[in-house]
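The values are calculated or read from the model by the stated rules, or taken from the named source; none is laboratory data. Small disclaimer: the values here were computed from a predicted structure and weren't measured. A quick note on method: Cβ atoms are made from the backbone with ideal geometry, for glycine too, and the neighbour counts reach across all protein chains shown. When the accessible area is computed, the model is the full protein with side chains, heavy atoms only, and any ligands, DNA or RNA have been set aside. Shrake-Rupley method; radii C 1.70, N 1.55, O 1.52, S 1.80 Å.
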Amino acid sequence: MTGSESEELPLRRAVCPGSFDPVTNGHLDIIGRASKLYDVVHVAVMINKSKQGLFTVEERIDFLRQTTEEYGNVKVEAFHGLLVDFCKQRDIPAIVKGLRAVSDFDYELQMAQMNNGLSGVETLFVPTNPTYSFLSSSLVKEVAAWGGDVSHLVPPVVLESLSERLGRK
């Protein structure tokens, strides 16, 4: 294949969606693994106006940009509305989702089938690293709020902000 032919190949794109309130090491594991499989990985931070998060959307985007910059092929942005519309607007054919347990699969399978039916976008399920199989943003916030040690569950920039936000040192 000549250089000009290889330049014409379309980029393989995928999206890792979520609220990321806050981003955890489990999220970063999935994003990092996706970045090895795709040329461009979009991280779509969900905007839910009816739900007040611990961190603003802008803060979550900043955390994700700081913690994914080493990959070099990750783009972080906010989205509001249907994920399939986000995908259509950016020519993204695949959604990458991490699965922690069978209970995740039941819900995620329904979402994958709906998304595929709406737009043809495919969903790829990545089993979570067993180290993070129990991990969720909600649990991190709850443990941190009670003064528990979450330093092994979130990146340092998030840990520092969690401590400040929750009044812990």
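Before moving on, here are some points about what is shown:
- From the list 23, 43, the lone residue that is in contact with an Asp or Glu (Cβ under 8 Å, 6 or more places away or on another chain), under 22 Å from residue 138 (Cα atoms) and open to solvent by less than 30 Å² (accessible area, probe 1.4 Å) is 43.
- Scanning the range 152-167 for residues that are part of a loop (DSSP other than H, G, I, E, B), loosely packed, with under 14 Cβ neighbours inside 10 Å and either of a type in the set (Lys, Arg) or at pLDDT 95 or above (or both) yields a single hit, 152.
- Taking the criterion of being open to solvent by less than 60 Å² (accessible area, probe 1.4 Å) and more than 18 Å from residue 21 (Cβ to Cβ), the residues of the range 133-150 that qualify are 133, 147.
- Filter pass, residue 63 being modelled with pLDDT of 95 or more, within 15 Å of the chain's Cα centre (by Cα) and either small (Gly, Ala, Ser) or closer than 30 Å to residue 164 by Cα (or both): yes
One line per residue, one yes/no per condition, for (1) among the aromatic types (Phe, Trp, Tyr); (2) without any contact (Cβ under 8 Å) to a residue 60 or more places away in the chain:
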position	(1), (2)
13	no, no
20	yes, no
33	no, no
42	no, yes
50	no, yes
53	no, yes
57	no, yes
72	no, yes
76	no, yes
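- Qualifying residue in the range 67-77 (condition: open to solvent by less than 80 Å² (accessible area, probe 1.4 Å) and within 14 Å of residue 123 (Cβ to Cβ)): no
- Long-range neighbours under 7 Å by Cβ, at least six apart or interchain, first residue more than 28 Å from residue 89 (Cβ to Cβ) and open to solvent by 30 Å² or more (accessible area, probe 1.4 Å) within the range 120-132, second in a loop (DSSP other than H, G, I, E, B) and at pLDDT 95 or above: none
- Meets criteria (surrounded by 15 or more Cβ atoms within 10 Å (Cβ to Cβ) and over 22 Å from residue 140 (Cβ atoms)) for residue 90: yes
- Top-ranked residue in the range 99-119 [being of a type in the set (Gly, Ala, Ser) and part of a helix (DSSP H, G or I); ranked as surrounded by the most Cβ atoms within 10 Å (Cβ to Cβ)]: 112
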